[in-house]
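See below for the structure under consideration.
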Amino acid sequence: MAEQSKTLIEKEFLRPEALKTGWPWRLLVFTIFLFGIILLVFFGMKIGYEPYLDKKIKNLDAEIGKLSQSFSQSEVNDFLKFYSQLSNLKTLLGNHIFSSNILKFLEENSLKNLAYTGLNLDIGRRELKLSGTVSSYEVLSQQLEIFRQSALVEKSSFKNSQQGEKTGINFEIVLILKSDFFKETSILSAPPIIPISTPVSSTSSEAISPTSTQP
Amino acid sequence: MKYSNLRMFSIFLSAVFVIGALMIFAMFIKPAYKTIAEKRSEVASRESILGQTKAVTSQVKNILSEYQNLSELQNEISLSFPQDSSVASALYQVTSLASGSGLNIESVNVLESSIVPSKEDNASLIKGTGILNFLLRASGSYETLSLFLTKAENNVRIFDLDTLRIDKTGASNFFDFIIGVNTYYLSN
């Protein structure tokens, strides 16, 4: 009896397990699901998102175009003209030439006994050529020193001199003026130059400016 | 069908789906994503342009509405710096200044110089400056010249002295003058 029950238990528990075999449907379902998701993403991008972006770009372009047409071209042109006028006028007024400064300068920086007979001014080159007559070389050298010391003169050079028949010594001087010479305030800001010694002699009536001035 | 065959077929089918998914990703989704990224950046840049255009438009509208009320100022500015060369007006002004100062005008030449472009930052928008050069041959006293230069530098239309030549003539305090003056206008 005991042997018989042992055999039954052995039969029941000790026999090798039989594995159930079938097709792996879970793997198949998962890959189908994955494939479906990929397709969905692709069609979502191609049919949904891309046309949406195209439409948005078109709308934005239309809106930008509409905004740029919100005022007429003639209005813009008129305004640009006005703006150009203002801008150019600002520049022109900033560079405006106060030409009377040249006469003031000569009046304030020329010796009494010196007469100018000619003047040639080129404002673009800031070059002033002066010719005149003077009684002596001493006066001429004093005049040159006055120009040399002037804060409004960048460079002064003596070109030539010649003893005239009646009028004393004829001379020619070239001055290079400072860049702010023709500005409104240049004459006011420059202190007048006082010569070391001013020779006293009769004032020439033929002078361009110094006849009525004293340095 | 036997189970073993069914299993093999199932594994084969799974592999086909996986490979198919990978191929769709590589061949279609990746390029499509690139296209979409480009379009998104286009949208972003257009949105930025639209924002800037809106701001500029509102500013321009304000300026234009203010400009409509500045016609008087514009007329005054045009007297100093006209929108065209206005040679006749400039000639009248320069000769009036000269004769009003006491200079005897012998001749007047007018030369139109080339346009000077603006040196401002936004020079592409700003029109350049045209220059009219008047060359006056005149005679008179030192005082008349001084008066002319003072009047010219304070004239409403801008006159800038360009060249000046003074030569002594025979008579006392009487000179020959060659006066070059520039006046300006807005080029078109």
How much FRET efficiency would the formula 1/(1 + (r/R0)^6) give for B:SER89 and A:LYS90, where r is the Cβ-Cβ distance and R0 is 30 Å, rounded to 0.05? 0.85
Calculate, for A:SER179 and A:TYR52, the FRET efficiency according to 1/(1 + (r/R0)^6) with r their C-beta to C-beta distance and R0 56 Å; round to the nearest 0.05. 0.30
In the structure displayed, which of A:LYS81/A:LYS129; A:LYS90/A:LYS112; A:LYS112/A:LYS178; A:LYS46/B:LYS54 lie more than 29 Å apart, Cα to Cα? A:LYS81/A:LYS129; A:LYS90/A:LYS112; A:LYS46/B:LYS54
Can you give the Rg/Rh ratio of the protein assembly as shown, where Rg is from the C-alpha atoms and Rh is the Kirkwood radius? 1.56
Counting only other chains, and only Cβ atoms inside 10 Å, what mean value do you get across the residues of A:109-121? 3
Once phi is turned into θ = phi - 60°, what whole-Hz ³J(HN,Hα) does the Karplus curve with 6.51, -1.76 and 1.60 give for every residue of region B:83-88, x standing for Gly and Pro? 7, 9, 5, 6, 4, 4
How many percent of the accessible area of the protein assembly as shown is carbon or sulfur, using a 1.4 Å probe? 58 percent
Karplus 3J(HN,Hα) series, Hz, for region A:106-119 with 6.51 cos²θ - 1.76 cosθ + 1.60 (x for Gly, Pro): 5, 4, 8, 10, 10, 6, 5, 8, 9, 10, 8, 10, x, 9
What FRET efficiency comes out for B:ILE49 versus A:ASP78 if R0 is 22 angstrom and r is the Cβ-Cβ distance? Round to the nearest 0.05. 0.30
Is any residue of region A:96-121 close enough, with backbone N under 16 Å, to a label point placed 7 angstrom from the Cα of A:GLU127 along the Cα-Cβ axis, and if so, which? A:119-121
Solvent exposure of region B:1-80 as accessible area per residue, Å², 1.4 Å probe: 71 Å²
Quick check on region B:87-187: what does the Kirkwood estimate of hydrodynamic radius come out to from the alpha carbon pairs, in Å? 14.5 Å
According to a simple spin-label model (label point 7 Å from Cα along Cα-to-Cβ), what is the distance in nm between A:PHE30 and B:LEU13? 1.7 nm
State in Å² the accessible area per residue of region B:87-187; use a 1.4 Å probe, count heavy atoms of protein chains only, and round to the nearest integer. 44 Å²
Report the accessible surface area buried between chains B and A, summing both sides, using a 1.4 Å probe on protein heavy atoms only, in Å² rounded to the nearest 100. 6600 Å²
Can you compute the charge dipole magnitude of region B:1-140 about its Cα centre, using +1 on each Lys and Arg Cβ and -1 on each Asp and Glu Cβ, nothing else charged? Give it in debye, rounded to the nearest 20. 1600 debye
Rounded to whole angstrom, the alpha-carbon centroid of region B:68-103 lies from that of region B:117-188 at a distance of 14 Å
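The values are calculated or read from the model by the stated rules, or taken from the named source; none is laboratory data. On a predicted model such as this, the values are computed, not experimentally measured, just so you know. FYI the Cβ positions are ideal-geometry reconstructions off the backbone, even for glycines, and counts take in every protein chain you see. The protein model used for the area step is the full one, side chains on, heavy atoms only, and it has no ligands, DNA or RNA in it. Shrake-Rupley method; radii C 1.70, N 1.55, O 1.52, S 1.80 Å.
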